[in-house]
Amino acid sequence: MKRLAVLGALGVSGLAAVGVTAQGLPGITEIEQVNGNVYKIWGAGGNTTVFVRENDVVLIDTKLPNSGEQILAEVRKVTDLPIGMIINTHSHPDHMGSNNELSGDGVEVVAHVNSERRMEAEGGPFGVSEVDRSFSNYMEIGDGADRIELYYFGAGHTDGDAFVVFPEDRTMAAGDIYAWHMSPLIDPGSGGSMLALPTTLTAAVYGIDGVDHVIQGHGDVSTWEEFHSFMNFNRALVQTAEQTLQQGGDERQALAALDRNPGFQIFLGTEVLPGLEYGGSPKSRALINLMVAFAELRGEEAPLIMGLPQEEWPE
Ligand SMILES: [Zn+2]
């Protein structure tokens, strides 16, 4: 357990490192259409989703700081309409870093109440980002083709993870509770919880209707079926952690048990995904999240583990 303690001590500086490491990676790429009026811009932090409404544009997440100009340049390739609203899926700096560059006159900033509290907190390394409108469990914005639905189902990656749905275009921006189609980074310092994650994901899978395209917080666009299988994997991960701990086993034994299910292989890959900013291979993230689950089950303070040293990655 010595290793857990050391990695846990990374704390806030670990999250700050997301910004540092991402600077060495490919930046913003060409805007791409997801479906209908929904587009996505990859790189320089999390995905930015672009939703073109009748009279303006809504941005979901704004990447790392200093990305505002480039985001705007990509938006201009598909529309001349002004930015009217920014919705943040959560409070991490690689998702709201350029809010202040893009939120000038009349631009409304929207987030979950728990994310609002963190974004407006003084004294953080990333400065204050004002939120104009927040929601607790559900909120609708606009109607017809412009309609946006915001859902919150509980903790996971943080305790402020919003699911943003564009019903007319059957598309959802999931934020980092679903990134890279691998078990997500859990940030206990921002209220994230591995034990809560399966319940939150299950509520999302059964509580949201009519979505075909799921935009990951980082990475690609998945189908609803892939999102459903991601829920199954995370449910199994926590269940396996509980059973293994009861039997006196450890995290690597739990990982071996998960590995025996052929349906889970995509979540247990041993290669680093191209463009991944943090966290190693999918399999090393599964091991990390078993460590987090074990800590939570033991009633210990769960650590933030951004990644394991490569020599400790499971094969
Ligand atoms: Zn995040």
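The values are calculated or read from the model by the stated rules, or taken from the named source; none is laboratory data. Note that the coordinates shown come from a computational prediction; the quantities given were computed from them, not determined experimentally. Cβ atoms come from the backbone with ideal geometry, glycine included; neighbour counts cover every protein chain shown.
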In region 259-308, residues that are surrounded by fewer than 22 Cβ atoms within 10 Å (Cβ to Cβ), in contact with a Ser or Thr (Cβ under 9 Å, 6 or more places away or on another chain) and in a helix (DSSP H, G or I) total 5
Condition set over 15 Å from Glu296 (Cβ atoms) and in contact (Cβ under 8 Å) with a residue 40 or more places away in the chain, scope region 230-247, selection farthest from the ligand (Cβ to nearest atom): answer is Phe233
Checked region 180-217 for anything over 19 Å from His112 (Cβ atoms), within 16 Å of the ligand (Cβ to nearest atom) and either touching a strand residue (DSSP E or B) at 6+ places or on another chain (Cβ under 9 Å) or among the β-branched types (Val, Ile, Thr) (or both); matches are Trp180, His181
Taking first residues from region 206-229 that are among the charged types (D, E, K, R) and second residues anywhere that are buried (at least 19 other Cβ atoms within 10 Å of the Cβ), the pairs with Cβ under 8 Å that are 6 or more apart or on different chains are Asp212/Thr171; Asp220/His181; Glu226/His181; Glu226/Val214
Across region 207-238, the tally of residues that are in a helix (DSSP H, G or I) and of a type in the set (D, E, K, R) stands at 3
Here, strands (runs of 3 or more DSSP E) confined to region 120-201 with at least 2 residues that are buried (at least 23 other Cβ atoms within 10 Å of the Cβ) are 163-166, 171-175
When every residue in region 268-285 that is touching a residue at least 60 places away in the same chain (Cβ under 8 Å) and either among the aromatic types (Phe, Trp, Tyr) or touching an Asp or Glu at 6+ places or on another chain (Cβ under 9 Å) (or both) is compared, the one farthest from Glu242 (Cα to Cα) is Glu277
Over region 90-118, the set of residues under 17 Å from the mean Cα position of the chain (by Cα) and basic (Lys, Arg) is Arg118
Per the filter on region 30-48, residues among the aliphatic types (A, V, I, L, M), crowded, with 22+ Cβ neighbours inside 10 Å and in contact with a helix residue (DSSP H, G or I) (Cβ under 6 Å, 6 or more places away or on another chain) are Val38, Ile41
- Query: Can you spot a residue in region 210-230 that is modelled with pLDDT under 95, farther than 24 Å from Glu32 by Cβ and buried (at least 17 other Cβ atoms within 10 Å of the Cβ)?
  - Reply: no
Looking across region 44-70 at residues that are closer than 21 Å to Ala162 by Cα and more than 15 Å from the ligand (Cβ to nearest atom), the single one that is farthest from the chain's Cα centre (by Cα) is Arg53
Restricting attention to region 102-130, the residues that are among the hydrophobic types (A, V, I, L, M, F, W, C) and within 20 Å of Ala174 (Cβ to Cβ) number exactly 5
Among the residues of region 87-103, the number that are of a type in the set (D, E, K, R) and within 10 Å of the ligand (Cβ to nearest atom) is 1
Taking region 75-101 and keeping residues assigned to a helix (DSSP H, G or I) and surrounded by fewer than 21 Cβ atoms within 10 Å (Cβ to Cβ) leaves Asn100, Glu101
